[in-house]
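Enquirer: Got a structure for you, questions after.
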Amino acid sequence: MPLRVLITPLGLAPGAVTTVLDGLRDKLKIKVDGVYIVTTSYGDIVSKVVPFLKEELYRCYGITDIIDKYISGTDIRSLNDFIEYMRICAGILKEQRAAGNEVYISTAGGRGPMGAALTVLGYIFSDIVKLIVHAVVPEEIEKQGSIKVLETLSEEKRREILHPSNYELVTLPVLPLKWTLDDILTTLEIKSTTNIEDIKRRLPHISNVVEDCIRHGLLKKLDDRYERTTVGEALYRALKAP
């Protein structure tokens, strides 16, 4: 029987994860079996937020299968940071596909680029990603959500912040792309105009395949050859990694 796995970013507010899990369980009747936390190496996240969250996930949901992964930097400040984050998440998705599991993606918490990377990957791996979700809480809850504030609160007040009764779970449908992971990698490996007909024969289900990559800013044409753009190179490096 396939497991249900949540992949989530994380910042300084562990409630971003617990509120999503509450919504999946209470609003959608989805019980998650395991959680992947993908975040930065920022000190308080590593030493305080992740241990705190792991304890909360076990206490409230009985989840023991929790894996935390980190980019090398303390923040996402560059394209390389973004590529590293995307590469880690793509690796997790490849593992879950091989295991035959169902994946749910959260975009709540952490930095904006984390949610953006996970959303793009959700569509690329739409065969296993069942839902992309985001939790919205009132401003007064959000203001008290950081680990530094939570540590000062009473247990009762902390429960209110981590498991608010007034929240909205936003769900995004995961519509399948006509491009598969292999399609994207094959096209981004094109080097010369002489390869175009070969690419089209290999990918007959995609019309104007090279033109699509150029239009979306992934490839650029230079005389009789093609090069990946900065964005195309970033996507290629993230998806190509094992």
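The values are calculated or read from the model by the stated rules, or taken from the named source; none is laboratory data. Just so we're clear, the structure is a prediction, and the values are computed from it rather than from any experiment. Because the Cβ atoms are built from the backbone with ideal geometry, glycine has one as well, and the counts that use them run over all protein chains shown.
Enquirer: I need a count of the residues in the range 136-175 that are closer than 27 Å to V120 by Cβ, in a loop (DSSP other than H, G, I, E, B) and among the hydrophobic types (A, V, I, L, M, F, W, C).
Expert: The number of residues fulfilling the criteria is 3.
Enquirer: Moving on. Considering only the range 187-205, state which residues are crowded, with 17+ Cβ neighbours inside 10 Å, modelled with pLDDT under 85 and under 22 Å from K94 (Cβ atoms).
Expert: Within the range 187-205, T187, L203 meet the criteria.
Enquirer: Could you grab the pairs with beta carbons closer than 6 Å, sequence gap of 6+ or different chains, first residue in the range 37-56 and in the same structural domain as R159 (by TED's automatic domain parsing), second one among the basic types (K, R)?
Expert: Partner pairs satisfying both residue conditions: V38/K69.
Enquirer: Which of the residues that make up the range 92-111 are part of a helix (DSSP H, G or I) and buried (at least 17 other Cβ atoms within 10 Å of the Cβ)?
Expert: Answer for the range 92-111, where residues must be part of a helix (DSSP H, G or I) and buried (at least 17 other Cβ atoms within 10 Å of the Cβ): I92, L93, Q96.
Enquirer: Hey, among D26, D33, D68, D81, which residue is modelled with pLDDT under 95 and of a type outside the set (G, A, S)?
Expert: D81
Enquirer: Among A117, A108, which is the only one that is closer than 18 Å to A16 by Cα and at pLDDT below 95?
Expert: A117
Enquirer: For the list (1) touching a Gly at 6+ places or on another chain (Cβ under 6 Å); (2) over 22 Å from A238 (Cα atoms); (3) at pLDDT below 95, I need the number of the one condition that M1 fails.
Expert: Failing condition for M1: (1).
Enquirer: Related question: Kindly indicate whether any position in the range 31-38 is over 15 Å from I66 (Cα atoms) and out of contact with any Gly (no Cβ under 6 Å at 6 or more places or on another chain).
Expert: no
Enquirer: Tally time: how many residues in the range 118-135 are part of a helix (DSSP H, G or I), out of contact with any Pro (no Cβ under 8 Å at 6 or more places or on another chain) and not hydroxyl-bearing (S, T, Y)?
Expert: 4
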